[in-house]
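The values are calculated or read from the model by the stated rules, or taken from the named source; none is laboratory data. Just so you know, these numbers come straight off a predicted model, no measurement behind them. Every residue, glycine among them, receives a Cβ derived from its backbone with ideal geometry; neighbour counts consider all protein chains shown. The protein model used for the area step is the full one, side chains on, heavy atoms only, and it has no ligands, DNA or RNA in it. Shrake-Rupley method; radii C 1.70, N 1.55, O 1.52, S 1.80 Å.
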Amino acid sequence: MYDHNDMVAEAVKVKVFEMWTNASSLHMSDLDWLDAATPEMIKIQRAVLCYSFGPGFNVADVAERVGAEIEDAPYFRLKDIAEELGLKLKKGFVGFN
């Protein structure tokens, strides 16, 4: 069961990182979050972190927090994130109905 959930967790992480990469670009990293964030970036950030950012944060700050949260998220949070973002997974998590 754990091996299976590890594989699904990795698939979720890869898909979220791909979504973030597609929604942002490297030249945005120093820009203010409120000015530069696209609707897709905000959607991902809220799904992963469950809170928003105000003035004083740049895109790189938010990207770092999103990445750290995804990397450390337990199975149940990854399942919630996948559902909130509407990720299509070939297999689902076992034990989290």
Answer from Val48, Val62 - the residue that is in contact with an Asp or Glu (Cβ under 9 Å, 6 or more places away or on another chain) and either of a type in the set (A, V, I, L, M, F, W, C) or more than 30 Å from Met7 (Cα to Cα) (or both): Val48
Residue check for Ala82: among the aliphatic types (A, V, I, L, M), open to solvent by less than 20 Å² (accessible area, probe 1.4 Å), under 28 Å from Gly95 (Cα atoms) and at pLDDT 95 or above: yes
Subset of region 36-57 (residues that are more than 13 Å from Ser24 (Cα to Cα) and open to solvent by 40 Å² or more (accessible area, probe 1.4 Å)): Arg46, Cys50, Tyr51, Ser52, Pro55, Gly56, Phe57
